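Input: a single structure, listed below in structure tokens.
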Amino acid sequence: MSGDVLSDLLRAVHLRGAVFFYLKAADPWVAEAPPASEIVHAIMPGADAMIAFHFIAQGSCWAAIVGEPPVRLEEGDVILFPHGDAQVISSAPGLRGRQEDRALYFAPRPPQLPFSISIGGQGGTTAQLDGGGREHTTIACGFLAFDARPFNPLLAALPRVLRMPGLASGRQTWLGHLLDTAIDESNHRRPGGEAVLERMSEMMFVEVVRRYLDGLPPGQTGWLAGMRDPGVGRALSLLHERPALNWTLEQLGEESGLSRSVLHERFVQFLSLPPMQYLGQWRMQLAAGRLRDSDAKIIEIALDVGYESEAAFSRAFKRIVGLTPGEWRREHLASPAGGPVSSPGRQGSTRGRKGSGESDG
């Protein structure tokens, strides 16, 4: 196993892109989306949570969480709403969508993606344009789904609005190429186009997170900042690399190059929970994925994530997740469409008993 903690987490929370569409807007225009929690099961059945993203391919616009100040977006900008807030994008600040427009998110899925939506154009402004005399904005939009439960520390580490100015500027970059691909696929609908856009949107998200991490100021805390800290980052890498090991705080500190007390202090400073509690929650995320995506027996999953018995694992799972392993499996098998089946999170191959520093996790 590698020490790539971010890749580990994204696999374990089943990041996946879908429902790519292409918005063609003529001034004045507005598009408003309800909270992701209200539409996620219609758009991506089986998903826990969903992030909306928008690439500005041509023109400019304004975007905001509903009820909060908007930000100006220019051609080449990318914006994401990681926490699923209700959002509005428009040709001018302060515009709001209509309640009936929400029906779009519950409409039958088109036979092939991406699809194109044209909006606006009533009494528009005059700027650079086509024969209709209206300024046009083109936006490539989509969604990313992932597991929010039982444990997704990346989600808490991201802001409610994540704007990357100029990220897709220049058609020589691969993100700029993504915009060209979206346009081309919407016009020609070639076989495999949906899969191409899904994978590219996932790559876009990883690139956004990496750039956000690179730009974090000194003194920032949170899961991403913890990855960047040498000692805490090494400890995270070890826990992700060998989640089933019989870890103790002393052993983890020794392999991380920190004393037991310093490791505990710095881990709590960045992640707001101690290392062994983090390990317990990470094990539950791995176990939850296997419960949903495989028919492995509960005792097999328990041993693979570091528990010596099914009873100990079930107690810990119930305490952290709120359901027994069997209840979790039944609930997710019964969810709409069951959700896309992805490769389960990587499991540690070393089976061991819980370390003395771990709290039943």
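Does region 22-48 hold any residues that are outside any loop (DSSP other than H, G, I, E, B) and touching a Lys or Arg at 6+ places or on another chain (Cβ under 7 Å), and which are they?
26, 30, 32
For the subset of region 132-169 comprising residues that are among the hydrophobic types (A, V, I, L, M, F, W, C) and in a loop (DSSP other than H, G, I, E, B), which member is farthest from residue 76 (Cα to Cα)?
151
Of the residues 77, 4, 8, only one is in contact with a His (Cβ under 8 Å, 6 or more places away or on another chain), under 25 Å from residue 213 (Cβ atoms) and not hydrophobic (A, V, I, L, M, F, W, C); which?
Unique residue meeting the criteria: 8.
Output the residues belonging to region 262-271 that are free of Cβ contacts under 8 Å to residues at least 12 places away in the same chain and closer than 21 Å to residue 158 by Cβ.
Result: 268, single match.
For region 215-261, which positions are on the phi > 0 side of the Ramachandran plot and free of Cβ contacts under 8 Å to residues at least 60 places away in the same chain?
219, 257, listed by residue number.
Since every read-out is calculated from the coordinates, none of them should be taken as a lab result. Fair warning: this is a prediction, and the values are worked out from it, not measured in the lab. Using ideal geometry, Cβ is built from the backbone for each residue, glycine included, and neighbour counts are taken over all protein chains shown.
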